[in-house]
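Trainee: Here you go, one structure.
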Amino acid sequence: MEKHFSSPTVAAWLQEWTDRLDPERVELVTGEPAQQEGLVDLLISRGSIVRLDPVLRPNSFLALSDSRDVARLESRTFICSEQESDAGPTNNWRSPSEMKAAMLPLYEGAMRGRTLYVVPFAMGPEGSRFQMLGIELTDSAYVALSMTRMARVSKAVAEAIDQSGDFVPAIHSVGVPLAGREDVPWPCNPESTYVAHFPETREIWSFGSGYGGNALLGKKCLALRIGSVVGKREGWLAEHMLILKLISPTGKIYYVAGAFPSACGKTNLAMLVPTVPGWRAETVGDDIAWIRRGEDGRLYAVNPEAGFFGVAPGTSVRSNAMAMQTISRDTIFTNCALTREGDVWWEGATETPPDGLIDWKGLPWDGQGPAAHPNARFTVPASKCPMIAPEWQDPAGVPLSALLLGGRRSDLIPLVTEARSWEHGVFLGSIMASETTAAAEGPTGKVRRDPFAMLPFCGYNIGDYFRHWLEFGAESKEGLPRIYLVNWFRRNADRKYIWPGYGDNVRVLSWIIDRLEGRAAGRDTPLGVVPAPGEIDLAGTSLSAEEFAPLVEIDLADLAVEVEDVKGYYANLGERLPARLRDELEELHKRV
Ligand code: OXD
Ligand code: MN
């Protein structure tokens, strides 16, 4: 085998895994254009991707997955800490020795007849103290190619790893060795899928799935699950948050970060095109924020990723014109429908579907069921976004003025509510709930608690996570961003969304800024401060003040039911739940 690394640690690790996986060949991936083209040609020749029409969608491709491998698999995701209590009540737990004993035999010869791609990658901008290095070993050319877009993959990164010998080892196999067997376009092994994390040793082992967060291991596995554990140890936060830059009509710059569960509009908000004249916005990140406290007390955030892995269905010129421009070329689409002209389509892209679609299962679409899978995705470098902020790769990060916590709630939760304090904000984050979406396996539309949108991504005990948040703000309140609960998804009696959302969300952000600048008095409610009548600018919307009013009303009977539900939820979280949060719940109980 050609020697790719001179660091004894890296070389020995790579040799051990190469021996175990037993691939036919090994290829170091450093992401040069010629190498990417080679991966593309290979994937095309195998039928794993098709090239889209070069005029309609230059340098873009469509992959269709196996129909059993379409989303993150929370039931197959494990946090393998030494102590079960350190994984906590919200994670699946196996002991490291038990999980490794179960998985090692699966990896034995798993890459026979295949290429082992060695993908050195960096999460976080170059030269940043935020940066973390990893090496993903994968037998999927689709994953290797996608990693060159989602993470920083380069010769320089490979050299940095070789020099430091410090990296997060991330093993990925689709789990289908080719001992004389024909390959299939999307190999996977759903019967034996595991996505395992070993927080104490900072290792990631994934087997059996080639889809999204199960397979692109820099994203959910490293930047969130392992990242959250490292952050707890080192005193920073790894969060499931977008980062948006807002420029006010007077030219003042504000950065906000927002936690929303998967498929709840993070990418849309990250690419907001304000409908109120004078406001402008730029994108810093759409999914993950690493946050540290600066010397001035403010919180600084970086986006550790290099690309967007966004949900395609629902994305349109109306809902997200910027995303549509971002993905107008140089994009890998997965599980979208294919048009007769060789372009992609998904539900919501246009009002009426074009004739002659091939659906995400590769069959002529019969109009029954969705043409694109509801969790169909686009993978594109962030640099392709026309509104990417010039400072999006600033090693120091950007200083945050406000944190948003959002869910998809048809009822109860107002359009926007300001937390009374950092601690109250942490309480609101801890009880966040949202209707489930197609981003994960299982039924959609069911309300579940998803604290800080981190339920599937927190790599340790959620009670300890809340404590970490509380402690993060305990030192000094100076410079801390204020915390806001938001909900774009309230419905009326006809089950129609009341708030127009998308670009009109700037109206909510501008109220938040009015609050920060002391320009809006707000109205106190048991849940926190909501906009007083007239404080949200509705000019240019079709909403009247009467139609708007219910968006900031809190039904006290509903809130009482919620409080009871939270009591049950808190009881299940066990004794590591900070007493301070129980006190906050008690106070809320008294207020209703
Ligand atoms: C994602 C997710 O892919 O949260 O970002 O599922
Ligand atoms: Mn996400």
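The values are calculated or read from the model by the stated rules, or taken from the named source; none is laboratory data. Everything numeric in this text was worked out from a predicted model, so none of it was measured. In this analysis, Cβ positions are derived from the backbone assuming ideal geometry, glycine residues included, and neighbour counts consider all displayed protein chains. Note: areas computed on protein heavy atoms with side chains; ligands, DNA, RNA excluded. Shrake-Rupley method; radii C 1.70, N 1.55, O 1.52, S 1.80 Å.
Trainee: Applying the selection to region 48-61, what residues are open to solvent by less than 10 Å² (accessible area, probe 1.4 Å) and assigned to a strand (DSSP E or B)?
Mentor: If the condition is that a residue be open to solvent by less than 10 Å² (accessible area, probe 1.4 Å) and assigned to a strand (DSSP E or B), then I49, F61 are the ones that fit.
Trainee: Among the residues of region 384-401, is there at least one that is open to solvent by 30 Å² or more (accessible area, probe 1.4 Å), under 30 Å from E295 (Cα atoms) and in a helix (DSSP H, G or I)?
Mentor: So far as region 384-401 goes, no, none of its residues is open to solvent by 30 Å² or more (accessible area, probe 1.4 Å), under 30 Å from E295 (Cα atoms) and in a helix (DSSP H, G or I).
Trainee: Might you let me know whether region 167-183 holds any residue that is in the same structural domain as M132 (by TED's automatic domain parsing), more than 21 Å from P23 (Cα to Cα) and either more than 16 Å from ligand 1 (Cβ to nearest atom) or over 19 Å from the mean Cα position of the chain (by Cα) (or both)?
Mentor: yes
Trainee: Now a separate question. When you scan region 76-84, do you find a residue that is within 16 Å of ligand 1 (Cβ to nearest atom) and either outside the structural domain of V230 (by TED's automatic domain parsing) or surrounded by 18 or more Cβ atoms within 10 Å (Cβ to Cβ) (or both), even just one?
Mentor: Yes, the conditions are met somewhere in region 76-84.
Trainee: If we scan region 242-249, do we find a residue that is open to solvent by 10 Å² or more (accessible area, probe 1.4 Å) and touching a helix residue (DSSP H, G or I) at 6+ places or on another chain (Cβ under 6 Å)?
Mentor: For region 242-249, residues open to solvent by 10 Å² or more (accessible area, probe 1.4 Å) and touching a helix residue (DSSP H, G or I) at 6+ places or on another chain (Cβ under 6 Å): absent.
Trainee: Quick check on my filter: what residues within region 567-579 are out of contact with any strand residue (DSSP E or B) (no Cβ under 8 Å at 6 or more places or on another chain) and surrounded by 13 or more Cβ atoms within 10 Å (Cβ to Cβ)?
Mentor: Hits for region 567-579 are K567, Y570, L573, G574, R576, L577, P578.
Trainee: Oh, and also: When A520 is evaluated against the numbered criteria (1) free of Cβ contacts under 8 Å to residues at least 60 places away in the same chain; (2) part of a helix (DSSP H, G or I), which criterion, by number, is the only one it fails?
Mentor: Going through (1) free of Cβ contacts under 8 Å to residues at least 60 places away in the same chain; (2) part of a helix (DSSP H, G or I) one by one, A520 breaks only (2).
Trainee: Something else now. What is the residue count in region 417-442 for residues that are away from ligand 1 (no atom under 16 Å from the Cβ) and part of a loop (DSSP other than H, G, I, E, B)?
Mentor: Residues in region 417-442 being away from ligand 1 (no atom under 16 Å from the Cβ) and part of a loop (DSSP other than H, G, I, E, B): 4 in total.
Trainee: What are the pairs, 6+ residues apart or on separate chains, where a residue within region 222-235 that is outside the structural domain of R467 (by TED's automatic domain parsing) and buried (at least 24 other Cβ atoms within 10 Å of the Cβ) has its Cβ under 7 Å from a residue that is modelled with pLDDT of 95 or more and of a type in the set (D, E, K, R)?
Mentor: From region 222-235, the pairs are A223/E305; I226/R202.
Trainee: Residues that are in contact with a Leu (Cβ under 8 Å, 6 or more places away or on another chain), part of a strand (DSSP E or B), over 16 Å from L217 (Cα atoms) and open to solvent by less than 10 Å² (accessible area, probe 1.4 Å): does region 117-126 have at least one? Break it down into steps so the answer makes sense when it comes.
Mentor: Residues of region 117-126 in contact with a Leu (Cβ under 8 Å, 6 or more places away or on another chain): 117-123.
If we keep only those that are part of a strand (DSSP E or B) too, we end up with 117-123.
Narrowing further to those that are over 16 Å from L217 (Cα atoms): none.
Checking region 117-126: not a single residue is in contact with a Leu (Cβ under 8 Å, 6 or more places away or on another chain), part of a strand (DSSP E or B), over 16 Å from L217 (Cα atoms) and open to solvent by less than 10 Å² (accessible area, probe 1.4 Å).
Trainee: Which one of the conditions (1) in a helix (DSSP H, G or I); (2) closer than 16 Å to I431 by Cα does L577 fail to meet, given that it meets all the rest?
Mentor: Exception for L577: condition (1).
Trainee: Here's another thing I want to ask about it. Is it the case that D330 is open to solvent by 10 Å² or more (accessible area, probe 1.4 Å), touching a residue at least 60 places away in the same chain (Cβ under 8 Å) and assigned to a loop (DSSP other than H, G, I, E, B)?
Mentor: yes
Trainee: Let me ask something additional. Looking at (1) closer than 13 Å to G218 by Cβ; (2) touching a residue at least 60 places away in the same chain (Cβ under 8 Å), which is the only condition G165 fails?
Mentor: (1)
Okay, residues lined up against (1) in the same structural domain as G534 (by TED's automatic domain parsing); (2) in contact with an Asp or Glu (Cβ under 7 Å, 6 or more places away or on another chain); (3) open to solvent by less than 30 Å² (accessible area, probe 1.4 Å); (4) within 16 Å of ligand 1 (Cβ to nearest atom):
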residue: C458; (1), (2), (3), (4): yes, no, yes, yes
residue: E478; (1), (2), (3), (4): yes, no, no, no
residue: N487; (1), (2), (3), (4): yes, no, yes, no
residue: A493; (1), (2), (3), (4): yes, no, no, no
residue: P500; (1), (2), (3), (4): yes, no, no, no
residue: G503; (1), (2), (3), (4): yes, no, yes, no
residue: V506; (1), (2), (3), (4): yes, no, yes, no
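Trainee: Name every residue in region 205-221 that is in contact (Cβ under 8 Å) with a residue 60 or more places away in the chain and over 16 Å from the mean Cα position of the chain (by Cα), in order of residue number.
Mentor: W205, F207, G208, S209, G210
Trainee: Oh, and also: Just to check your reading of the model, which residue among S262, S209 is buried (at least 24 other Cβ atoms within 10 Å of the Cβ) and assigned by TED's automatic domain parsing to the domain that holds W488? Please lay out each step first, then the result.
Mentor: Working: S209 fails: assigned by TED's automatic domain parsing to the domain that holds W488.
Matching residue, one of S262, S209: S262.
Trainee: Run down A281, A323, A306 and say which single residue is on the phi < 0 side of the Ramachandran plot and open to solvent by less than 10 Å² (accessible area, probe 1.4 Å).
Mentor: A323
Trainee: I'm trying to understand the selection: among the residues of region 265-292, which are touching a Ser or Thr at 6+ places or on another chain (Cβ under 9 Å) and either more than 16 Å from ligand 1 (Cβ to nearest atom) or not assigned by TED's automatic domain parsing to the domain that holds L400 (or both)?
Mentor: If the condition is that a residue be touching a Ser or Thr at 6+ places or on another chain (Cβ under 9 Å) and either more than 16 Å from ligand 1 (Cβ to nearest atom) or not assigned by TED's automatic domain parsing to the domain that holds L400 (or both), then L272, P274, T275, V276, G278, W279, R280 are the ones that fit.
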